[in-house]
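The values are calculated or read from the model by the stated rules, or taken from the named source; none is laboratory data. Small disclaimer: the values here were computed from a predicted structure and weren't measured. Ideal geometry is used to build each Cβ from the backbone, glycine not excepted, and the neighbour counts take in all protein chains shown.
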Amino acid sequence: MIDFSLTPEQQTLQKVAREFAQDILKPLVRAADAEPDPLKGFQTIKPAYEKAYEMGFATGYLPKEYGGGGLTNMDVLIAVEEIAAVDPGFGCILLVNGLALMPLLWFGNDAQKKKWLTQACTSKSKDYLAGWLVSEPAGSPGGTANFDHPSPKAGIQVTADLKNGEYVINGRKYWPSSAAGWDMKGADVNVMVVRTDRNKGGRGALSCVIIERGTPGITYEPLIDTMGQRLNQNADIHFNNVRVPAENVFALGDGDLAISKAFTWSGPVAGIAAVGTARAAYEYVLNWAKTYTAGGLDPIIYHQNVGYMLTDIAMRIEASRYLSYKAAHYADSHNYENHALGAMSKIYAGETCFQAVYDCMRVMGINSYDRRSHPLEKYLRDVLCFPIYDAGNMGMQRRKIWGVMAQENFNPRAFMDNERIEFTKEMEGIGTAGTPPPKG
Ligand SMILES: Cc1cc2nc3c(=O)[nH]c(=O)nc-3n(C[C@H](O)[C@H](O)[C@H](O)COP(=O)(O)OP(=O)(O)OC[C@H]3O[C@@H](n4cnc5c(N)ncnc54)[C@H](O)[C@@H]3O)c2cc1C
């Protein structure tokens, strides 16, 4: 039976998350967003983060056996929508803990899981952060979208060479959230995708390595100054002969699968965060349309264009929410094997909710452009991020769906029938070879 109603436990979770977002997070958001120094902005929200950690939002998706909350994907979405409706950048910090730690759960050995996941869930200081280090700086080669390119000269360029039982790491990562920590000395743990084989392409050369805070040889450059989601931190990190014990490596030769699966897990989470952002804009503008007359005698909602646009905005938000729910439910049903559907929910919700926020501004008119008096400018800056972050919709997420669909035995009714699709390396690498026009 299809049932969209929340269980009593989920209703409680929603209420608790909403109260946290409204009472604890909201009072800090405006100042943190307006702070020109990204580090100071990040530090401003630390008390809210500590409270979120205490309440279980930072590691709630990890299994109870490690001290996590044992939340389902569906549960996570319910909490994230409420937090993102107040600030999606803060939601991103929570999401990135999962991007870093979930691959350990899927690909780590028992000893690694026990050590690192337990530490994450039971940290005495409530400011525990984990970073997920995939993205690399622009250059040639450079960037991230072609991490699964079959050539050893393309894709991930940070190298980790095995020497005397240690991996020696060199290179640079650019963009990872939380990776510099609260004090620019590193997150408690950074999980990084590196090239452990210089002779293979992305489908065999990549692995994950766990880097503890305080490991020598790492330099944290000043944080990236972003347009939106400014409560989140984006780091720029250099690795110079950084030595890590071999026991800290996992997913050896399967770092590509870890990237694909992590950015799939986060798909519906990012999707619902876009929903939360658009919902906040829509509710603000709906109220405006019911009270503002624009020099006429009646509120503008009685103009048909305004009514029709608000109708479309509301429809898009609802549709995005339910596709995110479906992707989360599918992930719960198939042990996180939701690669195509997870990507679909992230793409659809991100791009649709971006349009919804822009349309909110069109409904409201010029007053939406006044950043001193109204929040639309921040909603737009924040929502802009969804199509391009968390594995960009163009280079990474669409390619993932394409790779699944291109398989000969792909069942186009698999999602409708709730049928599991196993994601394999054969599905990767599609579309990584651009085709310049023939010469002459
Ligand atoms: C708030 C925020 C938080 C972030 N957190 C993290 C984090 O925690 N960890 C992390 O590693 N990164 C993080 N990032 C970076 C983010 O995940 C990016 O999505 C990722 O770096 C990929 O960017 P990209 O797709 O633009 O890649 P790029 O490699 O820069 O590609 C750029 C563009 O080229 C085109 N393109 C390239 N190749 C192809 C292709 N094969 N087919 C079609 N088009 C192609 C696409 O148009 C694509 O958008 C974060 C970014 C932001 C803004």
Asn305, sole failed condition from (1) touching a residue at least 60 places away in the same chain (Cβ under 8 Å); (2) over 25 Å from Ile2 (Cα atoms): (1)
Which numbered condition Tyr336 fails, given (1) assigned to a helix (DSSP H, G or I); (2) on the phi > 0 side of the Ramachandran plot: (1)
Lone qualifier among Phe263, Phe250 - being in contact (Cβ under 8 Å) with a residue 60 or more places away in the chain, away from the ligand (no atom under 15 Å from the Cβ) and at negative phi: Phe250
Matching entry among Leu95, Leu77 (being closer than 29 Å to Ile224 by Cβ, crowded, with 21+ Cβ neighbours inside 10 Å, within 16 Å of the ligand (Cβ to nearest atom) and in contact (Cβ under 8 Å) with a residue 60 or more places away in the chain): Leu95
Residue among Gly181, Gly155, Gly186, Gly201 that is more than 10 Å from the ligand (Cβ to nearest atom), outside the structural domain of Cys385 (by TED's automatic domain parsing), over 28 Å from Leu231 (Cβ atoms) and not basic (Lys, Arg): Gly201
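Hey, among the residues in region 231-257 that are in contact with a helix residue (DSSP H, G or I) (Cβ under 6 Å, 6 or more places away or on another chain) and buried (at least 24 other Cβ atoms within 10 Å of the Cβ), which one's farthest from Ala314 (Cα to Cα)?
Initial filter on region 231-257 (in contact with a helix residue (DSSP H, G or I) (Cβ under 6 Å, 6 or more places away or on another chain)): 231-233, 250-251.
Applying the additional criterion that residues be buried (at least 24 other Cβ atoms within 10 Å of the Cβ) yields 231-233.
Working: Leu231: 27, Asn232: 27, Gln233: 31 Å.
Among them, the one singled out is Gln233.
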Residue in region 403-414 that is out of contact with any Phe, Trp or Tyr (no Cβ under 8 Å at 6 or more places or on another chain) and either at pLDDT below 95 or of a type in the set (Val, Ile, Thr) (or both) present: no
Count of residues meeting criterion [in a loop (DSSP other than H, G, I, E, B), surrounded by fewer than 16 Cβ atoms within 10 Å (Cβ to Cβ) and away from the ligand (no atom under 16 Å from the Cβ)] in region 346-390: 4
Conditions (1) at pLDDT below 95; (2) surrounded by fewer than 15 Cβ atoms within 10 Å (Cβ to Cβ): number failed by Gly143: (2)
Given (1) in contact with a helix residue (DSSP H, G or I) (Cβ under 6 Å, 6 or more places away or on another chain); (2) more than 16 Å from the ligand (Cβ to nearest atom), index of the condition Tyr53 fails: (1)
Residue match in region 393-408 (condition: basic (Lys, Arg), within 14 Å of the ligand (Cβ to nearest atom), in the same structural domain as Asp312 (by TED's automatic domain parsing) and in contact with a helix residue (DSSP H, G or I) (Cβ under 8 Å, 6 or more places away or on another chain)): yes
Test set (1) touching an Asp or Glu at 6+ places or on another chain (Cβ under 8 Å); (2) within 15 Å of the ligand (Cβ to nearest atom) - Phe107 fails condition number: (2)
